[in-house]
Amino acid sequence: MKLLVVEDEVQLADALSEILKRNMYSVDTAYNGIDGLDNALTGVYDCIILDIMLPGMNGLEVLSNLRAEKINTPVLLLTARSEVEDKINGLDCGADDYLTKPFVTGELLARVRAMTRRKGEILDDGKMDFNGLQLNKNTCALSWQGSDVKLSLKEYQIMELLIANPKQILPKERIIEKIWGYESDVEYNNIEVYISFLRKKLTSISAPVQIKTARGIGYSLE
Ligand code: CA
């Protein structure tokens, strides 16, 4: 899953991004409201963690602009202020939840899980299921009827994307956007390599699930 952190306190932003990455998310970071809005408008994120007090454009303006453009990505507002008005304004502007600074990371992770779970992608126990094929977020393993195989981070992220969009063709561009980000110079060949690793791993646990190639377009899980 792909998250965006918009926070101008560089140390906090980088620490958050580090923690989220360790929890298997791919993360982009913006240090001001304008860059934050630019990123958020792409609509590729599964959740946005948005500070309110930001240079350039404050978090509430970013949020209003985003909702005006019909981007409905779940937004978790961070606020240093505990005033009730800020929270009300935030929720009125279309925030889904808020967290008052300082917060403990466990709580942030729980909120992010809850917000992304609304899309029905991850079950309560951290597992995703596709016709009995299970992807376990906690162990980074793929399992079929008691057989397990460990995945690398990129393999995990690709499989997560495929299971979240079952039986749909996922274009290669979308996989790159979601997992490597816009500015990356990942080649389509790189994805093919990861897909071939995943196919071998599916075979190794005898899972009757296939990653099909839609020639020239992308992949689908069948
Ligand atoms: Ca701030």
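The values are calculated or read from the model by the stated rules, or taken from the named source; none is laboratory data. Please read all numbers here as calculations on a predicted model, not as lab measurements. Reconstructed Cβ throughout: ideal geometry from the backbone, glycine too, with neighbour counts over all protein chains shown. The area values use the complete protein model at the heavy-atom level, side chains included, leaving out ligands, DNA and RNA. Shrake-Rupley method; radii C 1.70, N 1.55, O 1.52, S 1.80 Å.
With the Cα gyration tensor of the range 127-221 in hand, give its eigenvalues times 5 under a square root as the equivalent ellipsoid semi-axes, listed largest first in whole angstrom. Numbers along the way, then the final one.
Working: eigenvalues 93, 39, 28 Å².
They are 22, 14, 12 Å, listed from largest to smallest.
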query = Do any chymotrypsin sites (Phe, Trp or Tyr not before Pro) in the range 14-67 lie in a loop, going by DSSP, with at most 14 other beta-carbon atoms within 10 Å of their beta carbon, and if so which?
reply = none
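Return one whole number: the accessible area per residue of the chain in Å², for a 1.4 Å probe. Intermediate results must be reported in sequence, preceding the final value.
Working: 10740 Å² over 222 residues.
Counting only protein heavy atoms, the per-residue value for the chain is 48 Å².
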message = Considering only protein heavy atoms and a probe of 1.4 Å, how much of the accessible area of the range 145-214 is carbon and sulfur, as a whole percent?
response = 48
key: Spatially proximal lysines relative to LYS127 (Cα-Cα < 25 Å; intrachain offsets below 8 disregarded)   = LYS2, LYS21, LYS119, LYS137, LYS150, LYS154, LYS167, LYS172, LYS178, LYS200, LYS201, LYS212
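Tell me the relative contact order for the chain as a rounded percent, counting alpha carbon contacts under 8 Å between residues six or more apart.
Values: 351 pairs, mean separation 32.3, N = 222.
That works out to 15 percent.
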note = Once both label points are put 7 Å beyond Cα along the C-beta direction, the ASN189-CYS140 separation in nm becomes 2.6
query = Evaluated at 10 °C with a viscosity of 1.306 mPa s, what Stokes-Einstein diffusion coefficient in µm²/s does the chain have when Rh comes from the Kirkwood expression over alpha-carbon pairs?
reply = 87
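Can you give me the relative contact order of the range 127-221 as a percent, contacts being Cα pairs under 8 Å and 6 or more apart? The partial results should precede the final answer.
Numbers: 117 pairs, mean separation 26.4, N = 95.
Contact order relative to length: 28 percent.
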Residue among LEU99, LEU12, LEU153 with the largest mean-square fluctuation in a Gaussian network model of the chain, springs linking Cα atoms under 10 Å = LEU12
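Apply the a/c threshold of 1.5 to the C-alpha gyration tensor of the range 1-114 and tell me whether it is rounded, prolate or oblate.
rounded
Grab the DSSP H runs of the chain that are 4 residues or longer, score each as -39,500 (n - 2.57), total them, divide by all residues and round the 222 nm result to the nearest 500 deg cm²/dmol. Walk me through the numbers on the way to the answer.
Details: 8 runs with 90 residues, N = 222.
Helix-only estimate at 222 nm: -12500 deg cm²/dmol.
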note = the chain, Gaussian network, Cα under 10 Å: of MET115, MET159, MET57, the residue fluctuating most is MET57
